[in-house]
Amino acid sequence: MTSLNLSGVGVAYGTRNALNDFTDSVKPGEWLCLIGPNGAGKSSLLRSIAGLVKHSGEIRVDGSPLRMRSARRRAQLVAYVPQSPILPDDMTAREYVVLGRNPFISHFGTETKHDWKIVDDVLHRLDLNDFAYRAVGTLSGGEKQRVVIARAIAQESPILLLDEPTNALDIGHQQQALELVDKLRREHGLTVVSAMHDLTLAGLYSDRLCLLHQGYCVSSGSAAEVLRAETLAEFYGVSVRVHHEPDGTVVVVPFRHMETSSDI
Amino acid sequence: MSTREDSIARTGWLVGRWWIPAAAVAMCAALLLGAMVGPAGPTWWRVPLALLDRLPLISLDSGISPREWTIIWQIRMPRVVLAALVGATLSLSGACYQGVFRNPLVDPYLLGVAAGAGLGATVVFTVNRSGSSSWIVDPLPLVAFAGGLIAVAVTYLVGTAFGGQRSAATLVLAGVAVTSLATAMQTFVLQRNTEVIRQVYSWILGRLSSATWSDVRLVLPYVILSCGVLFAHRRLLDVMRVGDDEAAALGASVKRIRIAVVIAATLGTSAVVAVSGLIGFVGIIVPHAVRLLVGASYRLILPLSFLLGASFLIVADIPGRILQNPSETPIGVVTAFLGAPFFLLLLRTRQGTR
């Protein structure tokens, strides 16, 4: 299992700082979930780990800095699932998943039998056998999300970055996708960093939450520590009730302001 | 294992590979057809016999006179081979530009490459073409390459500067502007050198009719180099299909791939433009026809565009020889006649599928 250390990571777009001096240490096999309002810097943080934006500070994987790595080597360590992945409509699921093998294929090389074996194995484990030769454009939203996760798993990298993996999925498929990530994380000992909007689900699946606001980490810890009504009110500007279930689940429920409803 | 997989309706490049031998057969048929048709020369059916006769270990009585053989070998064959090289290179480059810019609308013409190369070639024509024969390397393709490279660089820089995330329309509009500018500069150069206007004009319209083996020899090294580099990128072009960000996250060096492919495609395009003139539409209709046939994987698009582009231009060159006999209809006119309606049809189907 692999650890991920971030020290003083900052991302700037022009003069606007999207992320400031972010320092955190993700333990091997831990699932860290980034929460925070839109534009808080969640995606920027994930993109800096994936090597897609210039950043200041240092990101280390198992103690060695990522900055020194080539794009290929970095991709062998870190798999990234963007918020809205581009799926070429007429590619079959199998052809799409094999793209995840790119970091292991030399620049002008082609896939080996070993690469295809891994792909077929991943398709089998994610229960995607039936879709292997289907064009990804014909798949439903939930199936597409599974295919994208399959591509990231085929990459066989110990660190998995997910940018809003449940975006645009219904509640059933949200649960399915997160259960899948959780299962794969345990099977492969993956270290996961995800950004999520649904606070209840974020608290439910992750080991630790980190609340970002205007590029700063303002609160970090367990779901019970971070998901407090006053904290959320301060940074999201939202009125919520927070319930603590007997099993430890923290449920965040927004409430409706009575004075507006009585006007109607 | 194969029986289970065969029961599933399969698509994609893994199953489409049998298209490549079929397209190779089509190209050979087109080569043969091109050698058989022409206003003067022997009866058509004698031509394959005569060609077979020339192969080692085969002896056939084709009944062809030496004069007729000269027509086949010195007039028809170089023309057919040059048409094949030009067609193959233009459509392969077109497919690669489309892949690397992730833009289905671009081709060597819309990006301004052809116009830039044309401007370079015109300059060479005006600066005493005959004097350059003593050079070790013919400057024509090289100056055309410089012109093409400058044009595509300007198109790309302007297109990305104003297009934000490289929107399809901005890139094409920038290409149109660059094309107009290069054409205007070309006209300006021509106005000052009226003695070469006729020569340049017939070259602009596409000039396969005067093809000789030396033209073939002139472009062949550039075509081999360009196509070799482009074919080597076929898998990476598939990786690029998921967009710059995801391709980079998958470990692909996106910038390096884009620059290598654009330079190689521009080199090939410029070299063939230098010998054949401006032959439009090939680089856009052939790759799109291939896409309609086999889907969008570049592992199939590249070889098929190459083979079918060659076949297309050989066949498109045939009416030009017969229609206005004894004079010639320029090949560029024929491809425009065929290409423009096909292009409109393509736009319509694309809209329909959306």
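Rule-based calculations on the coordinates, nothing more; no lab input. This one's a predicted model, so the numbers in the text were calculated from it and none came from an experiment. Virtual Cβ from ideal backbone geometry, glycine too; neighbours counted across all protein chains shown.
Counting each DSSP H run of 4 or more residues in chain B as -39500 (n - 2.57), what helix-only mean residue ellipticity at 222 nm follows after dividing by all residues, to the nearest 500 deg cm²/dmol?
Dividing the helical sum by the residues of chain B leaves -23000 deg cm²/dmol.
Mind checking the mean number of beta-carbon atoms from other chains within 10 Å of the Cβ atoms in A:85-96?
Partner-chain Cβ atoms within 10 Å, mean over residues of A:85-96: 6.
Given the protein assembly as shown, what percent of its DSSP beta bridges are antiparallel, to the nearest 5?
Percent antiparallel among DSSP bridges in the protein assembly as shown is about 60.
If I take the Cα coordinates of the protein assembly as shown and project them onto the principal axes, what are the three extents in Å, biggest first?
On the principal axes, the protein assembly as shown reaches 100, 62, 57 Å in Cα extent.
What shape does chain B have by the C-alpha gyration tensor, where a ≥ b ≥ c are the square roots of the eigenvalues, rounded means a/c under 1.5, and otherwise prolate means a/b greater than b/c and oblate the rest?
oblate
Among DSSP beta bridges whose residues both lie in the range A:129-264, state the antiparallel percentage, nearest 5.
Roughly 65 percent of the beta bridges in the range A:129-264 run antiparallel, per DSSP.
Where Lys and Arg each count +1 and Asp and Glu each count -1, what net charge lies around A:Glu111 among other residues with Cβ under 9 Å from its Cβ?
Neighbourhood net charge equals +2.
What is the distance in Å between the Cα centroid of the range B:260-297 and that of the range B:46-84?
29 Å
Run the reach check for B:Lys255 against aspartates and glutamates, Cα to Cα strictly under 16 Å, same-chain hits fewer than 8 apart removed. What comes back?
Answer for B:Lys255, where 16 Å is the Cα cut-off: B:Asp238, B:Asp244, B:Asp245, B:Glu246, listed by chain and number.
Under the classification rounded if a/c is under 1.5, otherwise prolate if a/b is larger than b/c and oblate if not, where does the range B:256-354 fall, given a ≥ b ≥ c as square roots of the Cα gyration tensor eigenvalues?
oblate
Per DSSP H run of n ≥ 4, the term is -39500 (n - 2.57); total these for chain A, divide by its residue number, and report the mean residue ellipticity at 222 nm rounded to 500 deg cm²/dmol.
Dividing the helical sum by the residues of chain A leaves -10000 deg cm²/dmol.
At 24 Å minimum axial length over the Cα atoms and a Kyte-Doolittle cut of 1.0, report the qualifying DSSP H helices in chain B, or say none.
Result, helices passing both filters: B:19-36, B:77-100, B:139-163, B:168-191, B:213-232, B:254-276, B:298-322, B:331-353.
Run through the DSSP bridge list for the range A:4-263 and note the antiparallel percent, rounded to the nearest 5.
Taking every DSSP beta bridge within the range A:4-263, about 60 percent pair in antiparallel fashion.
In whole percent, what relative contact order does chain B give with Cα contacts below 8 Å and a gap of six or more residues?
29 percent
To the nearest 0.05, how large is the calculated FRET efficiency for B:Thr70 and B:Gln199 if R₀ is 22 Å and r is the Cβ-Cβ distance?
Calculated transfer efficiency: 0.30.
With springs only between Cα atoms under 10 Å, which of B:Ala40, B:Ala153, B:Ala26 fluctuates most in a Gaussian network model of chain B?
The residue that fluctuates most here is B:Ala40.
So what is the relative contact order of the range B:138-218, in percent, for Cα pairs below 8 Å that sit 6 or more residues apart?
20 percent
What helices does chain A have that are whole DSSP H segments, at least 15 Å long along their own axis by Cα, and with mean Kyte-Doolittle hydropathy of 0.0 or more?
Those that pass (Cα extent of 15 Å or more, hydropathy at least 0.0) are A:141-154.
Need the C-alpha centroid separation for the range B:103-117 versus the range B:167-195, integer Å.
11 Å
Sort A:125-133, B:61-69, A:73-81, B:86-94 by packing, meaning the average of other beta carbons within 10 Å per residue, with the highest value first.
Output ranking for A:125-133, B:61-69, A:73-81, B:86-94: B:86-94, A:73-81, A:125-133, B:61-69.
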